[in-house]
Amino acid sequence: MYNIFTLNKIAKIGIEKLDTDKFACSDSMENPHGILVRSAAMHDYEFGSNLLAIARAGAGVNNIPLDKCSKEGIVVFNTPGANANAVKELVITALLISSRKVVDGVNWAQSLKGNGDAVAKMIEKGKSNYVGPEITGKTLGVIGLGAIGGLVANVAVSLGMNVIGFDPFLSVDSAWNLSTNIKKAKSNREVYEKADYITIHSPLNDDTRNMISKETIEMMKDGVRILNFSRGELVNTADIIKAVTDKKVSVYITDFPNDELLNIDGIIPVPHLGASTPESEDNCAVMAANEIGEYLENGNIINSVNYPETNLPRSTNHRVCIFHNNVPKMLTQISATMAEQNINIENMLNKSKKDVAYTILDVENVPANTVETLMAIDGIYKVRIIG
């Protein structure tokens, strides 16, 4: 029986994907084998000795200490694409309200309460203060053309926009899904220089932190409108406030407001609603449950952010899962050690991701000292036996 701790409230439809004969799920589990989490901060979380996997019901994993997990052989999963449609719809909404001053106009209209029959005339007289441009014919720059960015780009094309996008890590599958009307830029700079609107869909890492800053804003058109529905730290707060105040940026709309960004004319704070739909929460929960269930039961890794994609159909009653450094001669040592224990390897798969590697061995027998023998090999830091 595998114990699963739900660190946040996880949609019931996801929990139901885990066989109750094999998995016990609770929000008060001690020393679990797996954790299902949404946005709870885990950097100060104490990992128990049983912990094997963490599945994040969402795309971003900044709330999880990845380096620590990697060193301890804890597989971290996310759910790419599960909330893509929800975020896409909100980004398109933001694109429209960044142009048409809808938020300001609605707030003003609400303030007219109590004027009785005069409201209609006041509306007609004051509406000119909330004029904004149409998006048709304008150029949208998309930074990051993955699951969400690609959907946004395609919708923008259908709305009559000229779309230019850049993604240095564009996958073949993502490329196939893009409209042929989307122009592929050669760099972020080309997007900055040509776009009337810019929407960011990049992961947060050391290379992308503060990617929108004083230097990059200076490359943009005067009056550009910037949308950030990926991560708040992609945009330098002080620099974007100055750019909006100076009217270099007409509007900045973000799903990650902080105290400094509030009550500033030209900045529209959205309270982190990107994935806040029942459909998205269900999709993320189902995907996260399937990922953690498959790994705990069979050792297969699907959609991990810290370990390689590894999928080997079971061919024997026992499976040996080995986490080790990605160094030469490791497989030779593993095979030799198994042979010394008179263990025949029926099937095998090895995959690597940067400095780490993961090896699956399907075998018929597993002597009691197998784990200790394998752990004696320099560079191996975790061994699991399944079955």
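For this structure, a couple of remarks:
- Filter result (free of Cβ contacts under 8 Å to residues at least 40 places away in the same chain and surrounded by 24 or more Cβ atoms within 10 Å (Cβ to Cβ)) within the stretch 143-157: GLY150, ALA153
- Counted residues, the stretch 250-272 - those being assigned to a loop (DSSP other than H, G, I, E, B), hydrophobic (A, V, I, L, M, F, W, C) and surrounded by 14 or more Cβ atoms within 10 Å (Cβ to Cβ): 3
Residues are listed down the side, and each one gets a yes or a no for (1) among the aromatic types (Phe, Trp, Tyr); (2) modelled with pLDDT under 95:
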{"residue": "HIS318", "(1), (2)": "no, no"}
{"residue": "THR332", "(1), (2)": "no, no"}
{"residue": "LYS351", "(1), (2)": "no, no"}
{"residue": "VAL356", "(1), (2)": "no, no"}
{"residue": "THR359", "(1), (2)": "no, no"}
{"residue": "ALA368", "(1), (2)": "no, yes"}
{"residue": "VAL371", "(1), (2)": "no, no"}
{"residue": "ASP378", "(1), (2)": "no, no"}
{"residue": "TYR381", "(1), (2)": "yes, no"}
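- Unique match (being on the phi > 0 side of the Ramachandran plot and surrounded by fewer than 20 Cβ atoms within 10 Å (Cβ to Cβ)) among ASN3, ASN63, ASN31: ASN31
- Members of the stretch 8-25 that are surrounded by 11 or more Cβ atoms within 10 Å (Cβ to Cβ), over 23 Å from the mean Cα position of the chain (by Cα) and β-branched (Val, Ile, Thr): none
- The number of residues in the stretch 26-53 being modelled with pLDDT of 95 or more and under 14 Å from the mean Cα position of the chain (by Cα) comes to 1.
- Residue match in the stretch 193-214 (condition: within 21 Å of ILE268 (Cβ to Cβ), surrounded by fewer than 18 Cβ atoms within 10 Å (Cβ to Cβ) and hydroxyl-bearing (Ser, Thr, Tyr)): yes
- Pairs where the first residue, in the stretch 226-250, is closer than 24 Å to ALA275 by Cβ and the second is hydroxyl-bearing (Ser, Thr, Tyr) and in a strand (DSSP E or B), C-beta under 6 Å, 6+ apart: ILE226/TYR252; LEU227/THR199; ASN228/THR254; ILE240/TYR252
- Any hit, the stretch 365-378, residues being open to solvent by 10 Å² or more (accessible area, probe 1.4 Å), touching a Phe, Trp or Tyr at 6+ places or on another chain (Cβ under 8 Å) and either farther than 22 Å from LEU52 by Cα or assigned to a strand (DSSP E or B) (or both): no
- Pairs are defined by a Cβ separation below 6 Å, a sequence spacing of at least 6 or placement on different chains, a first member in the stretch 90-117 that is open to solvent by 70 Å² or more (accessible area, probe 1.4 Å), and a second member that is not hydroxyl-bearing (Ser, Thr, Tyr); the pairs so defined are ARG100/GLY132; LYS101/GLY132.
- Flag for THR337 being exposed (fewer than 12 other Cβ atoms within 10 Å of the Cβ) and among the β-branched types (Val, Ile, Thr): no
The values are calculated or read from the model by the stated rules, or taken from the named source; none is laboratory data. Here the structure is a predicted model, which is why all the values come from computation and not from measurement. In this analysis, Cβ positions are derived from the backbone assuming ideal geometry, glycine residues included, and neighbour counts consider all displayed protein chains. Keep in mind that these areas ignore ligands, DNA and RNA; they rest on the heavy atoms of the full protein, side chains included. Shrake-Rupley method; radii C 1.70, N 1.55, O 1.52, S 1.80 Å.
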